[in-house]
Amino acid sequence: MDLDLRKVRYFVAVAELLHFGRAAEQLHIAQPVLSRQIRALEKDLDTTLFERDSHGVTLTTGGLQLLDDGRALLASADATRRRVQRSARGPHRLVVGFRAGIVVTHTVRAYGAAHPGIEVRARRVEWDDQERLILDGTVDLAYLRRPIREEGLTLLPLFAEPRVAMLPGDHRLAGKQDLVRTDLDGETWLRYADQGPDDVPIRSIEEKFEAVASGAGITLVPVSVAEQYSRPDITYVPVTDAEPDEVVLAWETARRSALIAGFVESVRG
């Protein structure tokens with residue numbers, strides 16, 4: 001029997017909330033309907049997915065496996081829908097992603113001028129969605145910063161740029177002409193994957209600003225970020241022996257798109 005994606009979507013909602021009532025509200029369906037759909041899915045799979053008792057709902061081993069696979073399955077289905085819709089609209093729009101600090105204006109405008117029938121848009125991406133947004137078709141290609149999960153992507157190395165220390169304005173090293181990494185020994189380092197205030201991961205450059213300005217720690221950023229973003233409570237100091245930041249252009253390997261190929265060639269040129 002084929003797996004019903006609607007039932008999988010219902011299952012994932014319950015599995016993430018571990019509460020049938022709240023999941024039903026989120027899905028805008030009645031709770032009895034949701035319960036019947038989950039029971040039908042368990043029958044389809046011949047597997048118990050949830051343990052239900054007076055203390056609440058928990059996932060079985062089979063349920064945990066379906067949660068992992070179901071999320072990927074739904075993401076793949078959503079990506080397929082986007083690709084089909086994009087194809088039906090015709091090859092008349094190109095969406096170019098970019099990370100903070102990377103200026104794409106010149107290339108985007110030049111490509112648009114050379115292809116007046118094509119609508120070219122730029123969209124910012126973040127460290128935690130840069131690959132996904134390419135693979136699910138939200139952006140057609142993107143200027144990314146390493147590290148990058150390369151599976152399914154083709155990368156064109158573009159350039160590397162120096163990195164500078166982002167420090168609070170009143171930091172002991174503020175005002176120095178330059179630094180080396182050992183000057184920063186003993187400092188608390190902030191990275192995007194780290195937990196920020198209230199255990200929320202730091203996701204954007206703006207959130208890094210807030211964390212640094214509050215004294216939570218320091219970080220290294222590409223020099224282009226320092227050039228584009230300034231605040232009176234933040235200072236930047238070059239770190240001469242910091243590993244350079246690498247920028248690449250990335251697109252989905254499996255896609256066959258004349259627009260993407262043309263844009264890549266314009267970047268090469």
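Going by what's in this entry, would Gly70 be described as modelled with pLDDT of 90 or more, surrounded by 19 or more Cβ atoms within 10 Å (Cβ to Cβ) and on the phi > 0 side of the Ramachandran plot?
Numbers: modelled with pLDDT of 90 or more: yes; surrounded by 19 or more Cβ atoms within 10 Å (Cβ to Cβ): yes; on the phi > 0 side of the Ramachandran plot: no.
Considered against the rule, which asks whether it is modelled with pLDDT of 90 or more, surrounded by 19 or more Cβ atoms within 10 Å (Cβ to Cβ) and on the phi > 0 side of the Ramachandran plot, Gly70 comes out as no.
Does at least one position in the stretch 188-197 carry a residue that is buried (at least 16 other Cβ atoms within 10 Å of the Cβ) and either touching a Gly at 6+ places or on another chain (Cβ under 9 Å) or without any contact (Cβ under 8 Å) to a residue 60 or more places away in the chain (or both)? Can you show your working first?
The initial filter retains those residues of the stretch 188-197 that are buried (at least 16 other Cβ atoms within 10 Å of the Cβ), namely 190, 192, 196.
After this cut, where a residue has to be either touching a Gly at 6+ places or on another chain (Cβ under 9 Å) or without any contact (Cβ under 8 Å) to a residue 60 or more places away in the chain (or both) as well, the list is 190, 196.
Within the stretch 188-197 (the criterion being buried (at least 16 other Cβ atoms within 10 Å of the Cβ) and either touching a Gly at 6+ places or on another chain (Cβ under 9 Å) or without any contact (Cβ under 8 Å) to a residue 60 or more places away in the chain (or both)), the answer is yes, since at least one residue qualifies.
The condition of being under 29 Å from the mean Cα position of the chain (by Cα), surrounded by 16 or more Cβ atoms within 10 Å (Cβ to Cβ) and touching a residue at least 60 places away in the same chain (Cβ under 8 Å) holds for Val8. The set of residues from the stretch 228-260 being outside any loop (DSSP other than H, G, I, E, B) and loosely packed, with under 13 Cβ neighbours inside 10 Å comprises just one member, Ala258.
Screening Leu167 against (1) crowded, with 19+ Cβ neighbours inside 10 Å; (2) outside any strand (DSSP E or B); (3) over 20 Å from the mean Cα position of the chain (by Cα) leaves a single unmet condition, (2). Of the residues in the stretch 135-153, at least one is in contact with a Gly (Cβ under 9 Å, 6 or more places away or on another chain) and in a helix (DSSP H, G or I). With respect to (1) more than 21 Å from the chain's Cα centre (by Cα); (2) modelled with pLDDT under 85; (3) of a type outside the set (Val, Ile, Thr), the lone exception for His106 is condition (2).
Checked against the criterion of being in contact with a strand residue (DSSP E or B) (Cβ under 9 Å, 6 or more places away or on another chain) and not assigned by TED's automatic domain parsing to the domain that holds Asp136, the candidates Gly112, Gly63, Gly56 yield just one match: Gly63.
Screening Arg81 on (1) loosely packed, with under 14 Cβ neighbours inside 10 Å; (2) touching a residue at least 40 places away in the same chain (Cβ under 8 Å) shows it passes everything except condition (2). Which of the residues belonging to the stretch 39-57 are part of a loop (DSSP other than H, G, I, E, B) and within 14 Å of Phe11 (Cβ to Cβ)? Hits for the stretch 39-57 are Thr47, Thr48, Leu49.
Any residue at all in the stretch 197-204 that's at pLDDT 90 or above and part of a loop (DSSP other than H, G, I, E, B)? No; the residues of the stretch 197-204 include none that is at pLDDT 90 or above and part of a loop (DSSP other than H, G, I, E, B).
Kindly evaluate Gly175 against the criterion of being exposed (fewer than 12 other Cβ atoms within 10 Å of the Cβ) and not hydroxyl-bearing (Ser, Thr, Tyr). Give the steps one after another, and end with the answer.
On the way: exposed (fewer than 12 other Cβ atoms within 10 Å of the Cβ): yes; not hydroxyl-bearing (Ser, Thr, Tyr): yes.
Yes; evaluated as a whole, the condition is true for this residue.
The values are calculated or read from the model by the stated rules, or taken from the named source; none is laboratory data. These numbers were taken from a predicted model, which means no experiment stands behind them. Please note: Cβ atoms are built from the backbone with ideal geometry, for glycine as well, and neighbour counts cover all protein chains shown.
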